[in-house]
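Values quoted throughout were computed directly from the atomic coordinates according to the rules given, and no laboratory measurement underlies them. Being a predicted model, the structure only gives us computed values, none of them experimental. Note that each Cβ is placed from the backbone with ideal geometry, even for glycine, and that neighbours are counted across all protein chains shown.
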Amino acid sequence: MPLRWLVFAWLACAAVLARAETPPIRAGELAADGRLVMGRFVADLRDPEGKLRIEEAADPSRPYAALTAERPNFGYEQAHHWLRFTIDGRGITEPLVLVVGLSTIDLVEFYQPRPGGGYTVQRAGDRIPWSARPVPHRHHVFVIDDPGAMPRQFHLRVASTNTLTVPLTLWTRSAFERHERGAQLAFGLFYGLIAALFLYNLVLYVSLRDLAYLWYVAYTGTFGLALFTLDGYAFEHLWPHNVWWANHALGTFFCLAILFAGLFAREFLGSRARFPRADRVMVVTITSAGLLALCSATGRLLEYGEVMRLLSFIAPLGAALTLWLGVRAMIGGFAPARYFLLAWSALLGFVVLGALRNFALVPQTTLTEYGLHVGLAADVLLLSTALAARIRAMQTGLIAAQSRHLEATRQHQSALESRARELADANQELEAFSHTVAHDLRAPLRAIDNFAHLLEEEHRERLPESGRRDLDAISRNARRMATLVDGLLEYARLGRVAPAEEAVSMRGLVDAVIQEILSPQRAVIEIGALPTVLGDALLLKQVWANLIGNALKFSAGAPAPLVRVEAAVTGAEVVFSVADNGVGFDPTYASKLFGMFQRLHAAGEFEGTGVGLAIVKRIVERHGGRVWGASPEAAGACFRFALPIARLVTGAQAKA
């Protein structure tokens, strides 16, 4: 029995304490700067269904509970809360201003007692248009014109789908106006700094095309917009008539800020390559933030309050992971990670400082009141410094790599030049040797041919038919050998003599070649328009002679031999072609066409030495051009050589 009475006594005491009246606010409670943080002077009544009227809420029997926190925080809940406080106006000589210092509260109703009974109600909150606010201010502001000569009881009704924090401050009007002038200047400097860093780094991104700058700009912009919304300026200046968006913008921008912060950290720290496992966790965090931003911006899938609750879990996870990645990168020797860690530590430090102030664990100062703003300013400044350090590190690495590359290139170029000199010397020696050998072979070959003729003339009657055939073979092969030697000498001479530079009419050269070549009377030669070029007339005539001669030779067996000579300007080249309808050649062996002594047909089929096309190639290359051949399936062959367009002589140049 005694135990039961003790329990009843304890419950009765608890009920009395719960209904204990809070002390009234008197003139002496206002600080020297004219302000009072009202937490300990306020009592709270929870209204779960939000159905109480002011007359019911003002009933003295209602179980109001005295608050102890300077900034009442009711967390995430759907219930309405009635807040009650008493003002003893004796000694207060000017109107008072009540400020609810959180702009994102959905509903704020302020009830002032009228002298004759009843209440005057003023409404604010981000669920009503901006123009309907009793005082046009970024926060929810109510003016108490007459504090009264006796204690009066006031009531506030608040509700929100977001976290319900109700920072109540009472000001004298003059002190409030002074404070607002200073606050406007401070906020102007802060948002000016954020805008300047945003634009500066946006210009850097446009110039550098570095994704780290893009994510930094996006992070700075979205976090800045989140604070602009939290401070109430966005509703005032950007969307004063869009109540729905005013109630969803804060969550959207904070989610986007987390998304872009994660993308920036991945790009800046290179976590995909350095820390692949942690990077996958970061990707999950980023994706979650993006989905929450989508839900908040559209109002689909999740309620706004649910978005904010999930954001409360994702934000600390992303912050911890980002710090861990920064520490790992710094330990791994990535120097710019030091600035990165300082930036995030500064932001998180001021966030923690603000939370401690909310729980009255640190005093209310300008630094603690605007800790999130100071933290973001320090964060973006240090991150900008980190980006600059990253660029410097990349430039240093690039310069070192370029130096190594240049040194390797110089060594390689020196080796190539040495090799080129050796090859040039060897070529000169080979050409000199070829010239000497060819020159020394000409006399014995002439002697063989002459003696064969003498034997045939003096002893024709006594030689049998077989002997005359042998002497004829000796003479024929000696002459063929002499022709090869002449070709070899010509080829060697081309390597020693520089081509002349004069205006050469290609049509004139072709006409001269056709007159000199003995061709079958039935062959048809079609000549298109041929330009004038700069070059060596004798050498270019040799090119035409060899190409046209080959075309006539290999098309001689055709029913109606046809040779076409044409020219065309193609890109940066003038391309000349000689085509025939002869036997053609196997394209498989096209690469051998321009080699010395290379033949694709047996000597018995077509006469020749295999030197002509090699001479063509050398002459064309000495003029800075190139040569190639093709054999279409319809039979015949087409040989082309191209000279640089710079060698084309225009009409004015030809007259000059």
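Of the GluC sites (Glu not before Pro) found in the range 244-346, the ones in coil according to DSSP and having at most 15 other Cβ atoms within 10 Å of their Cβ are 303.
Short-range pairs are left out: with C-alpha atoms under 8 Å and at least six residues apart, the relative contact order of the range 190-263 is 33 percent. Contact order for the range 209-313, expressed relative to its length and based on alpha carbon pairs under 8 Å spaced 6+ residues apart, stands at 29 percent. The distance from the alpha carbon centre of the range 569-588 to that of the range 184-238 is 65 Å, rounded to a whole number.
Scalar couplings 3J(HN,Hα) for the range 551-561, obtained by applying the Karplus form with A = 6.51, B = -1.76, C = 1.60 to θ = phi - 60°, are 4, 5, 5, 7, 9, 4, x, 6, x, 9, x Hz; x denotes Gly and Pro. Computed from phi, the 3J(HN,Hα) profile of the range 174-189 under the Karplus parametrisation 6.51, -1.76, 1.60 (θ = phi - 60°) reads 5, 5, 5, 5, 4, 4, 5, 5, x, 5, 4, 5, 5, 5, x, 5 Hz, with x in place of Gly and Pro. Among the trypsin sites (Lys or Arg not before Pro) within the range 241-350, those in coil by DSSP and having at most 14 neighbouring Cβ atoms inside 10 Å are 300. Computed from the alpha carbon atoms alone, the convex hull of the range 68-209 holds 156 Å³ per residue. Rg and Dmax of the range 241-376, both derived from C-alpha coordinates alone, stand at 16.5, 52 Å. Here the relative contact order of the range 97-254, from alpha carbon pairs under 8 Å that lie six or more residues apart, stands at 29 percent. Computed from the C-alpha gyration tensor, the three semi-axes of the ellipsoid equivalent to the range 152-203 are 34, 20, 5 Å, from longest to shortest. Shown here are the Rg and Dmax of the Cα trace of the range 53-130, at 14.3, 39 Å.
Can you pull the Kirkwood radius for the range 114-181, inverse mean 1/r over Cα pairs, to one decimal in Å?
14.3 Å is the Kirkwood radius here.
Under a 5 Å amide H cut-off, with hydrogens placed 1.01 Å from N, residue 144 pairs with 96, 97, 98 among residues at least 5 apart or on other chains. Close amide H pairs (under 5 Å, H built 1.01 Å from N) link residue 573 with 645, residues at least 5 positions away or on another chain. Amide H contacts of residue 527 (H built 1.01 Å from N, in plane; Pro and chain starts excluded): 565 sit under 5 Å, all sequence-distant by 5 or more or on other chains.
Scalar couplings 3J(HN,Hα) for the range 571-583, obtained by applying the Karplus form with A = 6.51, B = -1.76, C = 1.60 to θ = phi - 60°, are x, 9, 9, 9, 9, 10, 9, 10, 10, 9, 10, x, 6 Hz; x denotes Gly and Pro.
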